[in-house]
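S.K.: Pasting a structure below so you can have a look.
The values are calculated or read from the model by the stated rules, or taken from the named source; none is laboratory data. Just so you know, these numbers come straight off a predicted model, no measurement behind them. In this analysis, Cβ positions are derived from the backbone assuming ideal geometry, glycine residues included, and neighbour counts consider all displayed protein chains. These area figures cover heavy atoms from the full protein model, side chains too; ligands, DNA and RNA do not enter into them. Shrake-Rupley method; radii C 1.70, N 1.55, O 1.52, S 1.80 Å.
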There are 2 protein chains.
Amino acid sequence: LLDYLAANISPKKSQIFLQSEIPAIAELCFLFSMFIPLPHILRNPTIKKEIKDKKLGESYPMGFLLYPVGQIADILAFKADIVPVGEDQMPHLELTREIARKFNQLYCGVDPHLHDTEHLRAGGVFPIPELKLGRVKRLVGIHGPNANGQLLKMSKSLNNAIYLSDNADTVRAKVMQMYTDPCRLKVTDPGKIEDNPLWIFHNAFNTDLKWVEEAQDKYRSGKISDVECKKKLIEVLNNFLDPIRKRREEYASDLSIINEVLKAGTIKANEIAEDTLRIVKEKIHQDFFRRRLTF
Amino acid sequence: LLDYLAANISPKKSQIFLQSEIPAIAELCFLFSMFIPLPHILRNPTIKKEIKDKKLGESYPMGFLLYPVGQIADILAFKADIVPVGEDQMPHLELTREIARKFNQLYCGVDPHLHDTEHLRAGGVFPIPELKLGRVKRLVGIHGPNANGQLLKMSKSLNNAIYLSDNADTVRAKVMQMYTDPCRLKVTDPGKIEDNPLWIFHNAFNTDLKWVEEAQDKYRSGKISDVECKKKLIEVLNNFLDPIRKRREEYASDLSIINEVLKAGTIKANEIAEDTLRIVKEKIHQDFFRRRLTF
């Protein structure tokens with residue numbers, strides 16, 4: 001939560017809430033699971049990849065397969081029309097769109113082939129949510145590729161991430177040990193820009209495009225050292241993180257604010273999710289008693 | 001609900017509620033699914049049988065696998081110590097006992113090898129529920145065996161049931177067409193008692209044990225007709241159903257009572273389930289905000 005606030009996500013514009021405190025999400029998850037053929041979950045590339053990467057075999061908990069269904073409920077409970085995610089979440093969003101279309105078709109009589117933007121006007125409960133990818137679709141970690149030669153995304157569990165909460169020295173140390181072009185042994189060796197975290201990071205964060213272009217040319221022809229480019233990146237990242245660190249410190253000095261933000265967000269999120277659940281229950285003719293949830 | 005009340009389940013002693021109106025059940029279901037290895041669900045004989053009988057192949061909804069998990073939540077939300085079920089529900093109860101033990105072990109430090117009755121005293125949240133089978137563990141339907149030679153249990157979806165709401169003429173018609181011993185073509189043929197719905201029903205409902213014993217002897221030696229035994233069964237069943245039919249009529253004359261019973265039961269059930277969820281969240285350290293659910 002400190003990360004969110006420090007990164008300037010404003011609680012005035014954005015409700016930040018605890019998923020586990022929104023009962024309607026669990027109820028929608030239970031309901032939506034009735035609409036999803038099991039193979040659509042098992043075929044989900046992100047689920048398949050996780051099972052493979054984490055060597056789960058067939059011994060994972062039932063709840064692991066519920067994860068994408070929970071995500072559908074997370075999105076549809078708030079009738080989101082735009083969902084900002086990383087590239088790896090695309091299959092989950094595709095499932096969400098499938099369920100929104102199916103619900104609108106089965107219970108609101110909406111033609112499933114209608115254009116996304118026409119579903120609400122045609123009487124559907126759910127908008128068909130659209131994916132919003134950032135300029136950087138997925139940020140790589142600071143380590144080298146895995147056994148299959150692939151660079152892995154930044155991830156807490158892989159311990160290959162630079163955190164918004166890292167101080168300047170930690171960022172320096174992490175960048176200095178960052179994986180670059182393994183074939184480049186001395187400055188005069190020509191360097192590779194592609195699949196090189198050093199340059200992926202420069203392209204993501206360095207706003208001095210002229211410097212980046214010139215430095216990449218020099219790197220390719222063996223005229224600039226890794227260390228010089230890393231030092232520049234440390235400067236860029238610390239400039240980027242400094243205002244975040246400052247806001248973080250302010251928020252951290254009074255954690256009661258954090259708690260208030262979370263509580264207000266959870267109350268507001270419940271209002272919306274309870275309303276969605278009420279409409280869903282009406283549509284499926286399971287609207288028996290009106291309830292009220294208070295905190 | 002009319003069936004329950006007509007069968008003399010008293011709302012004064014028993015809370016009758018709508019499962020879909022108990023959000024804590026959906027939340028506990030979501031949570032418990034994290035404790036259940038997927039193979040324990042897929043190996044569940046009742047689930048396997050349903051997939052086979054209904055020819056679902058691999059194209060069943062995700063929610064189908066959630067059914068036994070929902071049942072665990074149904075039971076544990078109310079900390080049931082005794083669960084009266086039919087024989088076919090035994091595997092589900094076994095899963096429930098497994099999850100209750102695991103939760104008590106992981107979050108309350110209870111030795112999982114403790115005797116069932118010792119779990120609460122040792123600080124567990126959940127009692128380890130015990131199965132309560134009736135004298136008749138599972139009632140067969142009125143039709144003959146399936147392709148595998150097995151008599152199927154009475155089931156609405158198989159349309160082989162006698163209903164508590166059937167009138168005397170319907171019961172007569174259903175018993176007259178009831179499957180008996182297919183090898184017995186005339187009265188003097190010796191009849192088979194075993195796997196014969198006619199006698200399974202007499203044994204379940206006929207309190208005149210002397211008549212049953214004598215009639216079975218005659219049936220075995222070809223001295224009593226199917227029709228005579230069926231007529232007796234019709235009398236027995238209608239005597240059994242008459243007071244049920246009378247109470248049903250009384251309740252059906254004022255359906256507002258039904259609605260009140262259901263609402264009062266749902267409110268009471270929510271009080272208990274919300275309390276269980278609150279304690280569970282405390283134990284797993286996810287107790288953030290106190291909520292109140294009103295109707």
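S.K.: Which residue, of B:Lys232, B:Lys268, is under 30 Å from the mean Cα position of the chain (by Cα), among the charged types (D, E, K, R), surrounded by fewer than 16 Cβ atoms within 10 Å (Cβ to Cβ) and in a helix (DSSP H, G or I)?
M.R.: Just one listed residue meets the conditions, B:Lys268.
S.K.: Okay, next question. Just give me the residues in segment B:65-95 being more than 14 Å from every other protein chain (Cβ to nearest Cβ) and closer than 16 Å to B:Asn270 by Cα, in sequence order.
M.R.: Scanning segment B:65-95 gives B:Ile75, B:Leu76, B:Phe78, B:Lys79, B:Ala80.
S.K.: Within segment A:168-196, restricting attention to residues that are surrounded by 12 or more Cβ atoms within 10 Å (Cβ to Cβ) and polar (S, T, N, Q), which residue is farthest from A:Glu213 (Cα to Cα)?
M.R.: Filtering first and then ranking leaves A:Thr170.
S.K.: Further, regarding this structure: What number of residues within segment A:271-286 satisfy the criterion of being assigned to a loop (DSSP other than H, G, I, E, B) and at the interface with chain B (Cβ under 10 Å from one of its Cβ atoms)?
M.R.: First, the residues of segment A:271-286 that are assigned to a loop (DSSP other than H, G, I, E, B): A:284-286.
Adding the requirement that they be at the interface with chain B (Cβ under 10 Å from one of its Cβ atoms) leaves A:284, A:286.
Total meeting the criteria: 2.
S.K.: Something else about it: Looking at (1) surrounded by 14 or more Cβ atoms within 10 Å (Cβ to Cβ); (2) assigned to a helix (DSSP H, G or I); (3) not polar (S, T, N, Q), which is the only condition B:Gly222 fails?
M.R.: All conditions are met except number (2).
S.K.: Assess whether A:Ile200 counts as being crowded, with 16+ Cβ neighbours inside 10 Å, in contact with a strand residue (DSSP E or B) (Cβ under 7 Å, 6 or more places away or on another chain), more than 14 Å from chain B (Cβ to nearest Cβ) and under 30 Å from A:Pro182 (Cβ atoms). Before the answer, list the steps.
M.R.: Numbers: crowded, with 16+ Cβ neighbours inside 10 Å: yes; in contact with a strand residue (DSSP E or B) (Cβ under 7 Å, 6 or more places away or on another chain): yes; more than 14 Å from chain B (Cβ to nearest Cβ): yes; under 30 Å from A:Pro182 (Cβ atoms): yes.
When the stated conditions are applied, A:Ile200 passes them.
S.K.: Further question on the same structure: Using the structure shown, decide if B:Ile244 is within 23 Å of the chain's Cα centre (by Cα) and farther than 16 Å from B:Val171 by Cα.
M.R.: Details: within 23 Å of the chain's Cα centre (by Cα): yes; farther than 16 Å from B:Val171 by Cα: no.
For B:Ile244, the condition - within 23 Å of the chain's Cα centre (by Cα) and farther than 16 Å from B:Val171 by Cα - is not met.
S.K.: Can we say B:Lys210 is loosely packed, with under 13 Cβ neighbours inside 10 Å, without any contact (Cβ under 8 Å) to a residue 60 or more places away in the chain, in a helix (DSSP H, G or I) and more than 22 Å from the chain's Cα centre (by Cα)? Reasoning before the result, please.
M.R.: Details: loosely packed, with under 13 Cβ neighbours inside 10 Å: yes; without any contact (Cβ under 8 Å) to a residue 60 or more places away in the chain: yes; in a helix (DSSP H, G or I): yes; more than 22 Å from the chain's Cα centre (by Cα): yes.
Considered against the rule, which asks whether it is loosely packed, with under 13 Cβ neighbours inside 10 Å, without any contact (Cβ under 8 Å) to a residue 60 or more places away in the chain, in a helix (DSSP H, G or I) and more than 22 Å from the chain's Cα centre (by Cα), B:Lys210 comes out as yes.
S.K.: Here is a further query. Report, by residue number, each residue of segment A:40-98 that is β-branched (Val, Ile, Thr) and assigned to a strand (DSSP E or B). Talk me through it step by step, then tell me what you get.
M.R.: Taking segment A:40-98 and keeping what is β-branched (Val, Ile, Thr), we get A:41, A:46-47, A:51, A:69, A:72, A:75, A:82-83, A:85, A:96.
Correct list: A:Ile82, A:Val83.
S.K.: Among B:Phe35, B:Phe30, B:Phe17, which is the only one that is within 7 Å of chain A (Cβ to nearest Cβ), assigned to a loop (DSSP other than H, G, I, E, B) and not polar (S, T, N, Q)?
M.R.: Working: B:Phe30 fails: assigned to a loop (DSSP other than H, G, I, E, B); B:Phe17 fails: within 7 Å of chain A (Cβ to nearest Cβ).
Going through B:Phe35, B:Phe30, B:Phe17 in turn, just one is within 7 Å of chain A (Cβ to nearest Cβ), assigned to a loop (DSSP other than H, G, I, E, B) and not polar (S, T, N, Q): B:Phe35.
S.K.: Sticking with this structure for a sec: Could you list, in sequence order, the residues of segment B:75-96 that are buried (at least 16 other Cβ atoms within 10 Å of the Cβ) and in contact (Cβ under 8 Å) with a residue 60 or more places away in the chain?
M.R.: B:Leu76, B:Ala77, B:Phe78, B:Lys79
S.K.: Regarding segment A:100-118, can at least one residue be identified that is among the aliphatic types (A, V, I, L, M) and within 27 Å of B:Cys29 (Cβ to Cβ)? Reasoning before the result, please.
M.R.: Residues of segment A:100-118 that are among the aliphatic types (A, V, I, L, M), as a first pass: A:100, A:106, A:110, A:114.
Right, trim to within 27 Å of B:Cys29 (Cβ to Cβ) and you get A:100, A:106.
The answer is yes; a qualifying residue exists.
S.K.: Looking at (1) facing chain A (nearest Cβ under 8 Å); (2) open to solvent by less than 60 Å² (accessible area, probe 1.4 Å); (3) in contact (Cβ under 8 Å) with a residue 12 or more places away in the chain; (4) within 27 Å of A:Glu21 (Cβ to Cβ), which is the only condition B:Leu262 fails?
M.R.: (4)
S.K.: A further question on this structure: Which ones in segment A:151-189 are among the hydroxyl-bearing types (Ser, Thr, Tyr) and part of a loop (DSSP other than H, G, I, E, B)? Walk me through how you get there before you give the answer.
M.R.: Applying the first criterion (among the hydroxyl-bearing types (Ser, Thr, Tyr)) to segment A:151-189 yields A:155, A:157, A:163, A:165, A:170, A:179-180, A:188.
Listed by number, the residues that qualify are A:Ser155, A:Ser157, A:Tyr163, A:Ser165, A:Tyr179, A:Thr180, A:Thr188.
S.K.: Could you list, in sequence order, the residues of segment A:39-64 that are closer than 23 Å to B:Ile99 by Cα and within 7 Å of chain B (Cβ to nearest Cβ)?
M.R.: Correct list: A:Glu58, A:Ser59, A:Tyr60, A:Pro61, A:Met62, A:Gly63.
S.K.: Could you please let me know if B:Ile99 is of a type outside the set (Lys, Arg), open to solvent by less than 30 Å² (accessible area, probe 1.4 Å), within 14 Å of chain A (Cβ to nearest Cβ) and in contact (Cβ under 8 Å) with a residue 24 or more places away in the chain? I'd like the intermediate steps shown before the answer.
M.R.: Details: of a type outside the set (Lys, Arg): yes; open to solvent by less than 30 Å² (accessible area, probe 1.4 Å): yes; within 14 Å of chain A (Cβ to nearest Cβ): yes; in contact (Cβ under 8 Å) with a residue 24 or more places away in the chain: yes.
It is true that B:Ile99 is of a type outside the set (Lys, Arg), open to solvent by less than 30 Å² (accessible area, probe 1.4 Å), within 14 Å of chain A (Cβ to nearest Cβ) and in contact (Cβ under 8 Å) with a residue 24 or more places away in the chain.
S.K.: So, one more: A:Phe289 is checked against (1) at the interface with chain B (Cβ under 9 Å from one of its Cβ atoms); (2) part of a loop (DSSP other than H, G, I, E, B); (3) open to solvent by 70 Å² or more (accessible area, probe 1.4 Å) and fails just one. What number does that condition carry?
M.R.: With (1) at the interface with chain B (Cβ under 9 Å from one of its Cβ atoms); (2) part of a loop (DSSP other than H, G, I, E, B); (3) open to solvent by 70 Å² or more (accessible area, probe 1.4 Å) applied to A:Phe289, the lone miss is (3).
S.K.: Free of Cβ contacts under 8 Å to residues at least 12 places away in the same chain, open to solvent by less than 30 Å² (accessible area, probe 1.4 Å), in contact with a strand residue (DSSP E or B) (Cβ under 8 Å, 6 or more places away or on another chain) and more than 30 Å from B:Lys246 (Cβ to Cβ), is that true of B:Met34?
M.R.: Values: free of Cβ contacts under 8 Å to residues at least 12 places away in the same chain: yes; open to solvent by less than 30 Å² (accessible area, probe 1.4 Å): no; in contact with a strand residue (DSSP E or B) (Cβ under 8 Å, 6 or more places away or on another chain): yes; more than 30 Å from B:Lys246 (Cβ to Cβ): yes.
For B:Met34, the condition - free of Cβ contacts under 8 Å to residues at least 12 places away in the same chain, open to solvent by less than 30 Å² (accessible area, probe 1.4 Å), in contact with a strand residue (DSSP E or B) (Cβ under 8 Å, 6 or more places away or on another chain) and more than 30 Å from B:Lys246 (Cβ to Cβ) - is not met.
S.K.: Then there's this: Which of the numbered conditions does A:Leu164 fail, given that it passes all the others? Conditions: (1) surrounded by fewer than 14 Cβ atoms within 10 Å (Cβ to Cβ); (2) within 27 Å of the chain's Cα centre (by Cα); (3) closer than 29 Å to A:Asp242 by Cα.
M.R.: Failed condition: (1).
S.K.: I've got another one for you. Is it the case that some residue within segment A:146-159 is open to solvent by less than 30 Å² (accessible area, probe 1.4 Å) and modelled with pLDDT of 90 or more?
M.R.: Residues of segment A:146-159 open to solvent by less than 30 Å² (accessible area, probe 1.4 Å): A:155.
Cutting the leftovers down to modelled with pLDDT of 90 or more gives us none.
The answer is no; no qualifying residue exists.
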